[in-house]
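The structure appears below as C-alpha cells.
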Amino acid sequence: MIGIKLLPLLLSLVFWSLDQTFAFYFPSRRLRSTSRICRHRLPIKMTYYPSPTETNKEIYNVPNSGWKSKQWNWGYAQGTGHDCAAICRRRWGNREDRQKLVQSLLDPVEFKASYPDSEVPFEEVKLILGLAWQRGRWDGSDGGPGGYGEVLSIMADARRYEDEDDVISALNFIEDVSKRFATISRNAEELKRMKCIANDVRGRHHHASKEEVFMDRREVAGLVLAAMGFVENGL
C-alpha cells in the first residue's frame, strides 16, 4: 500500500530528472562556453569536397584580384586591392549583415550545414580582416605594437598565407592570428576559446582534415572580428 502511494512521487522525480537532462543538452543559439569547447572539441564529421569558398583567390569576381596578384597593390590608391576594398566597405556597411557574418564565422560547421550556399569566401574574410586591422591602427583596436599590424604586413607580403598547399596556408594563418589575440581579447573567456582552438590545431597538425582546418580558420577570424568591434564600428 505504501509503495502504491509513493508511485506518483517516484514518477514525478523520474520525469523531473529527464527534463533536466534534455534541458542540459538542448541546442542553444548562444556561443558555447570555453570549458565546453576545450573538453568537447570533437573531429568534424563532414566529407570534404574542394570548396571554392576556401580556395578561390579571386575576390568579388574582380580580374587580377587577390593578395598574390601583382595588380593587387595593397595600401595604394590604384590597383585591384583598392577596388575590392571599396566594394567590401559597401557590402558590409550594415550592422546586421556584419553581425550575421561574425556569427557564421564563430559557428562555421553549423552555418555550413544549414546554409551551404551562403558561406562568405575566405579570401573576402581576409580582406575584411585586412581593412579592420588597417582601421585599427588609428584607434588601437589592432592590438598596437606586436598586434595585428604585423599579421597585416605578412598578409600583404603574400607568401605565408598564400602557399600552394591551402592547408599549410590555413595553419600558418591560425598560428599567427591566435598568438596575438591577447592584445585585443575583451575577456578571459574569449582568450581561452582562442587558445583552445590553437592547441587543438597543434595537437592534430598532421592528421587533421582540410575541412577541420578550414573551419578552425573561420572561427579564429570570427573571434578577432568580434573582439575588434567590427560589428559595432564596421570598416
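Tell me, what ³J(HN,Hα) does each residue in segment 153-169 have, in order and in whole Hz, if you take phi through Karplus 6.51 cos²θ - 1.76 cosθ + 1.60 with θ = phi - 60° and put x for Gly and Pro?
5, 5, 5, 5, 5, 6, 10, 5, 9, 10, 5, 4, 8, 5, 5, 4, 4
What's the ranking of 162-173, 223-234 by average number of surrounding C-beta atoms within 10 Å, highest first? Please list the in-between numbers first.
On the way: 162-173: 16.4, 223-234: 19.3.
For the peptides 162-173, 223-234, the packing ranking is 223-234, 162-173.
Expressed as a rounded percentage, what relative contact order does segment 106-235 have, with Cα pairs under 8 Å and six or more residues apart?
32
Send over the semi-axes of segment 160-224's equivalent ellipsoid, whole angstrom and largest first, taken as the square roots of 5 times the C-alpha gyration tensor eigenvalues.
Working: eigenvalues 85, 31, 16 Å².
Semi-axes from the Cα gyration tensor: 21, 12, 9 Å.
Return the long-range amide H neighbours of ASP107 (sequence gap of 5 or more, or a different chain), with a cut-off of under 5 Å between placed amide H atoms.
none
Within a Cβ distance under 14 Å of MET228, other residues only, what is the Lys/Arg minus Asp/Glu net charge?
Here the charged neighbours net out to +1.
Does segment 123-235 classify as rounded, prolate or oblate by the C-alpha gyration tensor (a ≥ b ≥ c root eigenvalues; a/c under 1.5 gives rounded; else a/b over b/c gives prolate, otherwise oblate)? Before the final figure, lay out each step's value.
Working: a/c = 1.90, a/b = 1.34, b/c = 1.42.
Since a/c reaches 1.5 but b/c is at least a/b, the shape of segment 123-235 is classed as oblate.
Report ³J(HN,Hα) in whole Hz for each residue of segment 57-62, in order, from the Karplus equation J = 6.51 cos²θ - 1.76 cosθ + 1.60 where θ = phi - 60°; Gly and Pro get x.
With coefficients 6.51, -1.76 and 1.60, one gets 8, 7, 10, 6, 6, 7 Hz.
Please turn the phi angles of segment 170-186 into ³J(HN,Hα) values with the Karplus equation 6.51 cos²θ - 1.76 cosθ + 1.60 (θ = phi - 60°), one per residue in order, whole Hz, x for glycine and proline.
Karplus-based 3J(HN,Hα) across segment 170-186 equals 5, 5, 4, 4, 4, 4, 5, 6, 5, 6, 9, 5, 4, 6, 10, 4, 8 Hz.
Any lysines with Cα under 27 Å of the LYS210 Cα? List them, leaving off those in the same chain fewer than 8 positions away.
Partners found: LYS45, LYS57, LYS68, LYS100, LYS112, LYS126, LYS179, LYS192, LYS195.
What's the center-to-center distance, using Cα atoms, between segment 168-191 and segment 111-137 in Å?
Between the Cα centre of segment 168-191 and that of segment 111-137, the gap is 16 Å.
Before anything else, pin down the relative contact order of segment 53-102: Cα pairs under 8 Å, at least 6 apart, normalised by residue count, whole percent.
In percent, rounded to a whole number, it is 21.
Give me the net charge of ILE59's neighbourhood, meaning all other residues with Cβ under 10 Å from the Cβ of ILE59; Lys, Arg count +1, Asp, Glu -1.
That works out to -2.
Looking at the P(r) of segment 71-152, how many percent of alpha-carbon pairs lie beyond 16 Å? Walk me through the intermediate numbers first.
Numbers: 1981 of 3321 pairs.
Value for segment 71-152 (Cα pairs over 16 Å): 60 percent.
A short reminder: the numbers here are calculations on the coordinates, not readings from a lab. All values reported here derive from a predicted model rather than from experimental measurement. Virtual Cβ from ideal backbone geometry, glycine too; neighbours counted across all protein chains shown.
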